[in-house]
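A quick write-up on the structure given underneath.
The values are calculated or read from the model by the stated rules, or taken from the named source; none is laboratory data. What you see is a predicted model; the values in this text were computed from it and never measured. Quick reminder, even Gly has a Cβ in these numbers, built from the backbone with ideal geometry, and neighbours come from all protein chains shown.
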Amino acid sequence: MSDYVNLIPGQAAGTPVAERSGHGRDARKRLPRKSIAEWTPPTDRPRSVDLLKAQEETRIPLLVPIRHTRMAQSPFTFYRGAANVMASDLGRSANSGLWVQLCGDAHLSNFGVYGTPERNLVFDLNDFDETNPGPFEWDVMRLTASFVLAARDNDLGDEVGRQCAVTAAAAYHGVMRTAAEAPYLDNWYTMITPEAIRAVVTAQTTSKQTKTFDKSMDKQVAKIRRRNSWSAVKKLTEVGPDGRRRFLNHPPLLVPIAEMLRDTRVTEAGFDETVFPTLIETFLATMEADRAALLSRYTLLDIAHKVVGVGSVGLPALVGLLQGRDSDDLLVLQFKAAEASVLEQWTAASPFEQHGQRVVVGQRVMQAAGDPFLGWLQGPAGTHFYGRQLRDFKYSMDLNGIQPARLLGYARVCGSALAMAHARAGDPIAIAGYLGKSSTFPDALGAFAITYADLMESDYQDFAAAIASGELEAATPEAAGI
């Protein structure tokens, strides 16, 4: 962790508040806030399709067409899978120099609700595959552009998209300024819970609107609490003829490891029958002692490969079914492969030898609370993994058919959560000094978000043309789980 802190300027204990605030104001010389609104693509910008193809050289070839099909659904889904493209664009542009621990892929679908070890619900960032230190504004820029693309995806128009981008940036601005005035422990303890969201809504709406919102939230919370470990067991497994529970075989999205190993393209990627037991064994060493003691009581029943997400498709993603006391005490763990962050080329190399550790440490630094089974390890073929529970109260917003008011409210919550993550993982005083008191920063982000969404629309058209011409191979929608 100390290695990460050393990468973030102005974090030295005891640095006076005035000096840190001045450091933030000085950053405006490197990146004037209004200049964010005037952002243009770098003159040496490479073709996005080429960047994506280069990234896929380390992916399992069998699964790459699924990634293409999932990205090809719309400019928004293309954007979700193109974190390396945006990293290249921002890395070639001026930045503030105010570093935090970045999420690295802070689009709106990478926020959501999950359960804390105390079984409470909290809203926060929930994807850290690309986490690495870097300029704070890069996460905000990725978040705001995602709202414009999501608004377009739902035929809401650019004015709604721009309002959502400004709202997210304004929420980030306001929360960061509050965090700059707060004791460190207060920021560390702050969580965005359903109760906190309810309190904010109640203060801003009529009693009738509040009553309607309360009913909706109560229904949503109940739904989330049903998405526990056992719900993953019911969805992904079955009881075989021998009476033992096992994973379903739904190729290519969910494939038992024995079936997966029949494909030479998989075994060439370093997989064999020993992979998952070895993962469990070495994984325990990276966990907190109490969680390792708990997990060591479980025995492994079955292993499968499960395709997840959009941008990460093609990286090894294993799931393991474990049994505790009896057949009613089941747990599903997920192990995702981790490669170098797309940010590292443009910021700094990770101080960790294992990228699974990079992901886990970044997540622990940024999140208000973490998965009890979060850990990392290196597989027998040298692949880096990080592990966590599958599901367990995890929930993300369904954007299909979303209405403007709901999207605006979601923008406010996402911007607030991102600000708290950066306040924990950077210097809120310096960032607040950069942001100032005016609306210059949020307004600039609104303009940037439109510009970048236009760029992604153009890249998406090129991507779709590459699929149509055969330059990129795509799976059928059914095979891709669409």
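Assorted remarks:
- Residue match in the stretch 141-150 (condition: crowded, with 24+ Cβ neighbours inside 10 Å and free of Cβ contacts under 8 Å to residues at least 60 places away in the same chain): yes
- Restricting attention to the stretch 382-409 and to residues that are within 16 Å of the chain's Cα centre (by Cα) and surrounded by fewer than 16 Cβ atoms within 10 Å (Cβ to Cβ), the residue that is modelled with the highest pLDDT turns out to be Asp398.
- The combined condition, being touching a strand residue (DSSP E or B) at 6+ places or on another chain (Cβ under 6 Å) and in a helix (DSSP H, G or I), is fulfilled by Val233.
- Checking each residue in the stretch 56-83 for being surrounded by fewer than 20 Cβ atoms within 10 Å (Cβ to Cβ), closer than 18 Å to Ser341 by Cβ and touching a residue at least 24 places away in the same chain (Cβ under 8 Å) picks out Glu56, Thr58, Arg59.
- Within the stretch 335-381, considering residues that are aromatic (Phe, Trp, Tyr) and surrounded by fewer than 24 Cβ atoms within 10 Å (Cβ to Cβ), the one farthest from Leu98 (Cα to Cα): Phe373
- Residue among Arg424, Arg358 that is outside the structural domain of Asp26 (by TED's automatic domain parsing) and not hydroxyl-bearing (Ser, Thr, Tyr): Arg358
- Evaluating Ala349 against the criteria (1) under 30 Å from Lys234 (Cβ atoms); (2) at pLDDT 90 or above; (3) of a type in the set (A, V, I, L, M); (4) part of a loop (DSSP other than H, G, I, E, B) leaves one unmet condition, (1).
- Subset of the stretch 377-397 [among the charged types (D, E, K, R) and over 26 Å from Arg364 (Cα atoms)]: none
- Close Cβ contacts (under 7 Å, 6 or more residues apart or on different chains) running from residues in the stretch 376-401 that are among the charged types (D, E, K, R) to residues that are assigned to a loop (DSSP other than H, G, I, E, B) comprise Arg388/Asp371; Arg388/Phe373; Arg388/Leu374; Arg391/Arg227; Arg391/Asn228; Asp392/Asn228; Lys394/Asn126; Lys394/Arg227.
- All strands (runs of 3 or more DSSP E) inside the stretch 76-171 with 3 or more residues being modelled with pLDDT of 95 or more: 99-102, 132-135
- Matching residues in the stretch 284-310 - criterion: being farther than 20 Å from Ala337 by Cα and among the hydrophobic types (A, V, I, L, M, F, W, C): Ala289, Ala292, Ala293, Leu294, Leu295, Leu301
- Answer residue from the stretch 62-75, given it is of a type in the set (A, V, I, L, M) and modelled with pLDDT of 95 or more and is nearest to His23 (Cα to Cα) among those: Met71
- Failed condition for Val175, given (1) in a helix (DSSP H, G or I); (2) without any contact (Cβ under 8 Å) to a residue 60 or more places away in the chain: (2)
- For the stretch 107-121, the criterion of being in contact with an Asp or Glu (Cβ under 6 Å, 6 or more places away or on another chain), within 29 Å of Thr43 (Cβ to Cβ) and surrounded by fewer than 24 Cβ atoms within 10 Å (Cβ to Cβ) is satisfied by no residue at all.
- If you check Val361, Val342 for being among the β-branched types (Val, Ile, Thr) and either free of Cβ contacts under 8 Å to residues at least 40 places away in the same chain or closer than 17 Å to Asn126 by Cβ (or both), only one passes: Val361.
- Qualifying position, being in contact with a Ser or Thr (Cβ under 9 Å, 6 or more places away or on another chain), modelled with pLDDT of 95 or more and closer than 30 Å to Arg67 by Cβ, among Ala449, Ala444, Ala480, Ala464: Ala449
- Qualifying residue in the stretch 311-333 (condition: crowded, with 21+ Cβ neighbours inside 10 Å, under 27 Å from the mean Cα position of the chain (by Cα), in a loop (DSSP other than H, G, I, E, B) and modelled with pLDDT under 90): yes
- Counting the residues of the stretch 39-55 that are assigned to a helix (DSSP H, G or I) and without any contact (Cβ under 8 Å) to a residue 24 or more places away in the chain gives 2.
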